[in-house]
Every structure is written in C-alpha cells, then in structure tokens.
Amino acid sequence: MATLVGGVTTSHVPAIGRAIAQNLQQEPYWKPWFDGFPPVRRWLAEVRPDVAVVFYNDHGLNFFLDKMPTFAVGAAPTYENDDEGWGIPTLPPYRGDPALSWHLIEALIEREFDVTTCQEMRVDHAFTLPLKLLWPDDEVCPVRTVPVCINTVQFPLPSAARCFRLGQAVGDAIRAWDSDARVLVVGTGGLSHQLDGERAGFINRDFDRAFMASLIDDPKWATQYSIEDLVELTGTQGVELLMWLAARAALGDAARQVHANYHIPISNTAAGLMAMAPA
Ligand code: DHB
Ligand code: FE
C-alpha cells in the first residue's frame, strides 16, 4: 500500500513568485519567510515523496465565476500554469499521476463527495508557488502531482467540517492505494488576509496562532466555525485556511509538528508554514 509521508501547509501569496524570480530571498522583507523552508526541505529529502496531492483554491485561471465546482480533482497527465496577471514568471508544466487521480476520484465518489473530474486543468499560483518553495532548485517539479481544488472564491463555500471530512477521505484513499508510492499532502492558502473591501489588510495573529496550534493539539477545532465566522475571524481570503484543514485531516487522528513558521506580513497576508508527519 502507498505511504502517506506527511503534509506541508503554506501560504501562496503571488509576490513570492516575484521574490524567487528576482532572488530576493535574503532581503530583510523576505528573509523571515524564506528562512522557514530549509528545515522543511531537509525533512522532505528524508521522507522522499514521489507524488504530492495538493489542496488549493483556483483564483480564476482554470475555473471562473460562471462555472464553479465546490470540489474538483485533476485527472490529467500534465498540468500547465499560465499568466494570471500578477507579473510573475509562468512555471513549467507539472507531471500528473492519473492512476492516483482516478483512485482518489473513485474513493471520493464512493464516500459521497461528488467531485468534478478534470482531465484538463490549468494550475495557478496557489498550486505552483508552494511546490516551487519546496523544490526551488529543480526547474521542473520533481514529484508527480494531483490537484484537489476547493472553492473559496465564490459563495456558497463548503464548510470547514465538510473540508475536514474531504481531507479524511483523501487520506484514507491514499493509505488504501495499491502502490508502493510515497505520498505528500500539501495545503495552500491563508493565513488571515483580506485583499479588498472595508477591512482590506485585516490580519488576526491570535486566531492564526491558535489555528496552527490546533492542527497538532485538536485538529477538528476549526470545524466549530461557520464560513461566516471564519470570514469574520480571518478576512475574506483567510478562509483559504480550509486547505490547511483538509491537508491536516488527511494525515489521520494524530500528527506531530516537524516545523512551523509564521510571519506578518507578506503583501496583505499573514504568511504561515507548517510541516507535519503522521504520529
Ligand atoms: C495575496 C494573497 C493571496 O492568497 C492571493 O491568492 C493573492 C494575493 C496577497 O496578499 O497579495
Ligand atoms: Fe489566495
């Protein structure tokens, strides 16, 4: 059976792409953020994943407001990135893993998650930048990938409890996959941020800290909140923390922290990073 080696959750602010392209990692603005990654990369070199299942939210590159699946799973041999207008370089295509994709899709539909299946799918900054942060030296991402997209851009959004259950179902399916592959789960987005409106720039350090701690101590903690609560507590785009919740849920009941970093701000965002392993 496949091995679920662990999970990484990280913010995906587009400006990170510019910082990488311009080699700004050691600048005072960027250093506290980029310094979080070497310990995670060392751990990845130890656990040697072959494939990453990436929970992320598309921001309009693949899905637009006219057609918005709640949950969508990629089932393509490759996934292309494209210019989204952020002024960051387009990254090379990502290798898919159709066998794992279809295994996940079948398992999810069996568990009554009626996902949209995408045999063609473009992946945006929320997918590409976290993988680039994990494997900065490889021009082409060295692991195969399966995108799992959760709608956090157009209401109604799936609840935190529902995203947690989706993550549990994905984790169970990975562990039951008849393969010797080593699988990493990744959750991208958050933490607290709001990009527009009256509360533009809103950040909630106390909530973010409590949320990060809860992923180890009490992983279902955030499922007590409605989407409206989460918008109130974390900002309109802070709800991207649903991706962290799904990735954590995939790891099973107990997980230990491998590494964590939290830094305010990157652009408009409280930027967080965690690496966790099943305990
Ligand atoms: C920013 C954050 C995001 O999560 C995103 O998708 C786009 C922009 C920001 O803080 O600039
Ligand atoms: Fe985002």
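Mind checking which residues of the stretch 174-198 are away from ligand 2 (no atom under 13 Å from the Cβ) and in contact with a strand residue (DSSP E or B) (Cβ under 6 Å, 6 or more places away or on another chain)?
Step one: list which residues in the stretch 174-198 are away from ligand 2 (no atom under 13 Å from the Cβ), which gives 174-186, 197-198.
Matches in the stretch 174-198: I174, R175, A181, R182, V183, L184, V185, V186.
Residues of the stretch 1-12 that are farther than 11 Å from L133 by Cβ and either among the polar types (S, T, N, Q) or under 21 Å from the mean Cα position of the chain (by Cα) (or both): A2, T3, L4, V5, G6, G7, T9.
Being part of a helix (DSSP H, G or I), within 16 Å of ligand 1 (Cβ to nearest atom), in contact with a helix residue (DSSP H, G or I) (Cβ under 9 Å, 6 or more places away or on another chain) and closer than 21 Å to G167 by Cβ is a property that holds for A126.
For the structure I just gave you, tell me whether A76 is among the small types (G, A, S) and more than 18 Å from T152 (Cα to Cα). Yes. Sub-7 Å Cβ pairs linking a first residue in the stretch 1-25 that is more than 18 Å from D208 (Cβ to Cβ) and in contact (Cβ under 8 Å) with a residue 40 or more places away in the chain to a second residue that is among the small types (G, A, S) and open to solvent by 10 Å² or more (accessible area, probe 1.4 Å), at least 6 apart or interchain, are M1/A176; A2/S179; A15/S267; R18/G87, ordered by first then second residue.
Pairs are defined by a Cβ separation below 6 Å, a sequence spacing of at least 6 or placement on different chains, a first member in the stretch 253-268 that is touching a residue at least 24 places away in the same chain (Cβ under 8 Å), and a second member that is assigned to a strand (DSSP E or B) and within 12 Å of ligand 1 (Cβ to nearest atom); the pairs so defined are Y262/G272; H263/A271; I264/A270; N268/H193. Counting only helices (runs of 4 or more DSSP H) that sit wholly inside the stretch 184-272, those with at least 1 residues that are under 15 Å from the mean Cα position of the chain (by Cα) and more than 16 Å from ligand 1 (Cβ to nearest atom) are 205-217, 241-250. Scanning the stretch 86-104 for residues that are within 16 Å of ligand 1 (Cβ to nearest atom) and within 16 Å of the chain's Cα centre (by Cα) turns up nothing.
Considering each residue of the stretch 22-47, count those that are within 16 Å of ligand 1 (Cβ to nearest atom), within 13 Å of L133 (Cβ to Cβ) and open to solvent by 60 Å² or more (accessible area, probe 1.4 Å), and give that number. Here the count works out to 0.
Taken as a whole, the structure leaves V47 outside the set of residues that are away from ligand 2 (no atom under 16 Å from the Cβ), under 17 Å from the mean Cα position of the chain (by Cα) and among the β-branched types (V, I, T).
The values are calculated or read from the model by the stated rules, or taken from the named source; none is laboratory data. Nothing here was measured: the structure is a model prediction, and the numbers come from that model. Reconstructed Cβ throughout: ideal geometry from the backbone, glycine too, with neighbour counts over all protein chains shown. Side chains are part of the model used for accessible areas, which takes the heavy atoms of the whole protein and leaves out ligands, DNA and RNA. Shrake-Rupley method; radii C 1.70, N 1.55, O 1.52, S 1.80 Å.
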